[in-house]
Amino acid sequence: MFLFAPRLARPACELDYPFGSDSADFLYTIQGATGTRIIEGNRLAVYQNGDEFYPAMLTAVSNAEYSITMEQYIFWAGEIGTRFAEALAERSKAGVSVKLLLDAVGSATIGRRILGILAGGGCQLAWYRPIRWFSPHRANRRNHRKSLIVDGRIAFTGGAGIGDHWLGNAQDRHHWRDTMIELEGPAVAALQTGFAQNWLETTGELLTGARYYPPVEAAGDVAVAAILSSPFSGVENATIMISLALLCARRNLYIANPYFVSGPEILEMLRDCRQRGVDVKVMVAGVSNDVWLARQNSVRLYGRLLEAGIEIYEYNRTMMHQKTMVVDDVWAIVATANFDNRSFALNEETSVCFYDPELVDEMRRIFLADLAVCEKVDLERWRRRGALRRAGEILSSFLQDQV
């Protein structure tokens, strides 16, 4: 039964005394509970949709001098996959160390053409936890990170993988809505650590030297905590980070996440937020959701949140795929993790938290702009949904832990 009902541990969170997200206690707790330093001296840029983040990523690749490391859950056959493969192969031929770690499930459709381009360029490619007939237990734990690190100095992460449906500007149902960030400065080392650990686990090779870990000077004035979550560490850092944000929110909490299938503890924390007077708004993927099972389980949980006064909005223009959070207009988070059991307990994930008034305000404005094209979920209308929909939700609930 392990494959279908994994045991998911949940932290019991209490505050010794009240403190908000804008306090020093919050900073110290984030660092202590996750084992992650908050590092100052970074530059951070926020990109919306493929028209913005893919050109920036490809430019960084073309400028690489020493190393390119990439771990991706999704690297699919198609136009953008071919462009990345050609850019990576060109740099490898120029003497740059190029290492790609692809999830064996998520990137299974990469295609022979791209594999041929990478191999012809001398790129090193490894598959994370391939599944064999004799090892079905490997199916659950996936590498859901989306990281590109160049020369150990510049990194990209966020919701998007490498696939043609991320091209464009979310203009229709064939072009997804997503958010990525570019990070430059000393905090990049944390993302390189995540890659290096998974590469070591997969290949047995330890990355060493300045081409991967160069001395990095300050590139800006943004404070960043790059939080790595891994089931192999025994500590669910993604859950801890989310829990602390919910416990310490005092004014507003804006969450954008496509797959909103949380366990009872997280749902109760959200309800507590609203009872404390926090303005809680949750944006989810609507009718364009690419995972039917996730959609049914998410809708099933709406009632408990709506009854508490939490506002839920469905993004219906296209598939909304970003994983972001704004807390009290003080902290913002761009992550690879979904709001579901798989991301919280079973996947390798990355969450970048940053404290900068201008950037956090930018994230708030982005959220509100997306909200303007959403449909607000009405409690009474939700209660009147038909028997067929309810039956689908009930059946889906038996596989909630697999979402």
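Roughly how big is the range 272-399's charge dipole about its Cα centre, with Cβ charges of +1 (Lys, Arg) and -1 (Asp, Glu), in debye to the nearest 20?
Roughly 840 debye, rounded to the nearest 20.
I need the calculated FRET efficiency for the pair R83 and T193, taking r as the beta carbon distance and R₀ as 22 Å, to the nearest 0.05.
Given R0 = 22 Å and the Cβ-Cβ separation, E is 0.20.
Along the Cα-to-Cβ line of L115, 7 Å from the Cα, sits a label point; which residues in the range 78-92 have backbone N less than 15 Å from it?
Answer for this model: 78.
Using a 10 angstrom Cβ neighbour count of at most 15 plus a DSSP loop assignment to flag exposed GluC sites (Glu not before Pro), which longest range of the chain is free of such sites?
218-403
Please work out the C-alpha center-to-center distance from the range 316-378 to the range 40-95 and express it in whole Å.
22 Å
Read through the labelled values (1) 28, 60, 12, 0; (2) 26, 53, 21, 1; (3) 25, 49, 25, 1 and report the label of the one computed as P(r) over Cα pairs in 20 Å bins from 0, in percent from the structure.
The listed entry that was calculated here is (1).
What number, rounded to the nearest 500 deg cm²/dmol, is the helix-based mean residue ellipticity at 222 nm of the chain, given -39500 (n - 2.57) per DSSP H run of at least four residues and division by all its residues?
Calculated at 222 nm, the ellipticity per residue is -10500 deg cm²/dmol.
Placing +1 on the Cβ of each Lys and Arg and -1 on the Cβ of each Asp and Glu in the chain, which of A372, G161, A219 has its Cα farthest towards the positive end of the resulting dipole?
So the residue furthest toward the plus end is G161.
Please give the length that would be gained between K376 and T208 if that part of the chain were fully extended, namely 0.36 nm times their separation in residues minus their C-alpha to C-alpha distance (nm, one decimal).
Fully extending the segment from K376 to T208 adds 55.4 nm.
Which is farthest toward the positive dipole end of the chain among F344, S97, L58, measuring Cα position about the Cα centre, with Cβ charges +1 (Lys, Arg) and -1 (Asp, Glu)?
In the chain, that residue is F344.
Considering only DSSP beta bridges where both residues belong to the chain, give the percentage that are antiparallel (nearest 5).
65 percent
Tell me, which longest segment in the chain has none of the trypsin sites (Lys or Arg not before Pro) that fall in DSSP loops with at most 11 further Cβ atoms within 10 Å? Walk me through the numbers before you get to the answer.
Details: sites that count: R7, R132, R384.
That gives 133-383 as the longest site-free run.
If you put +1 on each Lys and Arg Cβ and -1 on each Asp and Glu Cβ, how big is the dipole of the chain around its Cα centre, in Debye rounded to 20?
1500 debye
Which of T82, L183, I131 sits closest to the plus end of the dipole of the range 24-402, meaning its Cα is farthest towards the positive end, when Lys and Arg get +1 and Asp and Glu get -1 on the C-beta?
I131
Could you give the nm distance between label points at D290 and N169, where each point is 7 Å from its Cα heading toward the beta carbon?
A separation of 2.2 nm, rounded to one decimal place.
Can you put W199, W176, W292 in order of Cβ neighbours within 10 angstrom, beginning with the fewest?
Details: W199 22, W176 25, W292 10.
With the fewest neighbours first, W199, W176, W292 line up as W292, W199, W176.
Any read-out appearing in this document is the output of simple, stated calculations on the displayed coordinates, not a laboratory observation. Given the structure is predicted, the values throughout are model-derived calculations rather than measurements. Please note: Cβ atoms are built from the backbone with ideal geometry, for glycine as well, and neighbour counts cover all protein chains shown.
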